[in-house]
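These notes concern the structure reproduced below.
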Amino acid sequence: MSRATVQNGRLFAYALESPMDIMTGIGLAFGTAVVALIMLMGGDIHMFISEHAMIIVFGGSIAATMIRFPLSAILHGVPLGAKFAFTMSRLSARDLVDELARIAEIARKQGPVGLEKVETDEPFLAKGIRYVADGYDLEFIRDNLERDRDNFLMHLDEGGKIYRAIGDCTPAFGMVGTLIGMVQMFANMTDPSKLGPFMATALLATLYGAVVANLFCLPIADKLHGKLLDEETNRTLIIDGILMIRDSKSPTLVREMLLAYLPEKHRHEEGEPVPA
């Protein structure tokens, strides 16, 4: 569900909910399907299930992660990381430039009071607009928005680090499970009936560690790093735009100043020639 408004002949569409990052979901689903298909082609899926291997890989990785990070970081970082791995920003950097220029036009014509009627689905931008509409001074707005941005980025960075830590741990504990299984196997060489289960546990521990790390945790950590860079750019862009609006800068100046945040190829309207 979305809401659309027309401003100066242009259509602005705002998603009421953050749009899904379909590439994350597609990648995870496709990777899981590939691994499951290869397992099924080789026989019964049950032969790839080992409680002992699961305990050593998942239990050991969770324990090591708990040692590495404080509880507060885990409680904030893991849910925030999971959310941002599967969602995208409501507005792109280019959309934010256009939106801030529009808001600057409203502020220029109607004054700060006119901003009270401005609606946006970007919470961080809405907060800045509210500060300007309420007449807070420049330093107050700057300090509060920068503190809000830095706290958000810190928690998002913690989420990425936690997923990367789990991705680093699972192959290591898979190897630990392999070594334990081999020790048990060699200790029971006189009983052939136990060699197969111990060898399966050893190999499945390595399999679990490799799959969890390389299909789930490390890709999500890399995705979060990219999202962090995008969010840092977008929120810094919003802060600069809000401060210029508070300082009564012209909409044209606001647009030109904020376009510096965008790559050259994104600084021009669709169909407008890009300077060589």
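The values are calculated or read from the model by the stated rules, or taken from the named source; none is laboratory data. None of these values were measured; they are calculated from a predicted model. Glycine also receives a Cβ, built like all others from the backbone with ideal geometry; neighbour counts cover every protein chain displayed. Surface accessibility is based on the protein's heavy atoms, side chains included, excluding ligands, DNA and RNA. Shrake-Rupley method; radii C 1.70, N 1.55, O 1.52, S 1.80 Å.
If I filter segment 84-98 for residues that are surrounded by fewer than 20 Cβ atoms within 10 Å (Cβ to Cβ), at pLDDT 90 or above and more than 30 Å from Pro251 (Cα to Cα), do I get at least one hit? Taking every residue of segment 84-98 in turn, none turns out to be surrounded by fewer than 20 Cβ atoms within 10 Å (Cβ to Cβ), at pLDDT 90 or above and more than 30 Å from Pro251 (Cα to Cα). Pick from segment 123-133 the residues that are of a type in the set (A, V, I, L, M) and without any contact (Cβ under 8 Å) to a residue 40 or more places away in the chain: which of them is least open to solvent (accessible area, probe 1.4 Å)? Only one residue tops the list, namely Ala133.
For segment 171-199, the set of residues classified as within 17 Å of Phe48 (Cα to Cα) and among the hydroxyl-bearing types (Ser, Thr, Tyr) consists of Thr178 only. The residue of segment 187-225 that is nearest to the chain's Cα centre (by Cα), among those that are among the β-branched types (Val, Ile, Thr) and surrounded by 14 or more Cβ atoms within 10 Å (Cβ to Cβ), is Ile220. Could you say whether any residue in segment 230-245 is part of a helix (DSSP H, G or I) and over 28 Å from the mean Cα position of the chain (by Cα)? Scanning segment 230-245, I find at least one residue that is part of a helix (DSSP H, G or I) and over 28 Å from the mean Cα position of the chain (by Cα), so the answer is yes.
Meeting the requirement of 1 or more residues that are under 30 Å from Leu229 (Cα atoms) and among the hydroxyl-bearing types (Ser, Thr, Tyr), the helices (runs of 4 or more DSSP H) wholly within segment 23-93 are 60-68, 71-85.
Condition check ((1) at pLDDT below 90; (2) open to solvent by 60 Å² or more (accessible area, probe 1.4 Å); (3) assigned to a helix (DSSP H, G or I); (4) among the polar types (S, T, N, Q)) across all residues:
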residue: Ala101; (1), (2), (3), (4): no, no, yes, no
residue: Glu105; (1), (2), (3), (4): no, no, yes, no
residue: Val113; (1), (2), (3), (4): yes, yes, yes, no
residue: Asp121; (1), (2), (3), (4): yes, no, no, no
residue: Asp143; (1), (2), (3), (4): no, yes, yes, no
residue: Leu156; (1), (2), (3), (4): no, no, yes, no
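Screening Ala73 against (1) within 30 Å of Gly128 (Cα to Cα); (2) buried (at least 19 other Cβ atoms within 10 Å of the Cβ) leaves a single unmet condition, (2). Taking segment 226-260 as the range and being open to solvent by less than 60 Å² (accessible area, probe 1.4 Å) and without any contact (Cβ under 8 Å) to a residue 40 or more places away in the chain as the test, the residues that pass are Gly226, Asp240. Out of all the residues in segment 201-248, which are among the aliphatic types (A, V, I, L, M) and either closer than 20 Å to Ser92 by Cβ or in contact with a His (Cβ under 7 Å, 6 or more places away or on another chain) (or both)? Within segment 201-248, Leu224, Leu228, Leu229, Leu237, Ile238, Ile239, Ile242, Met244, Ile245 qualify.
Considering only residues in segment 166-186 that are open to solvent by less than 50 Å² (accessible area, probe 1.4 Å) and farther than 12 Å from Val57 by Cα, the one that is nearest to the chain's Cα centre (by Cα) turns out to be Gly181.
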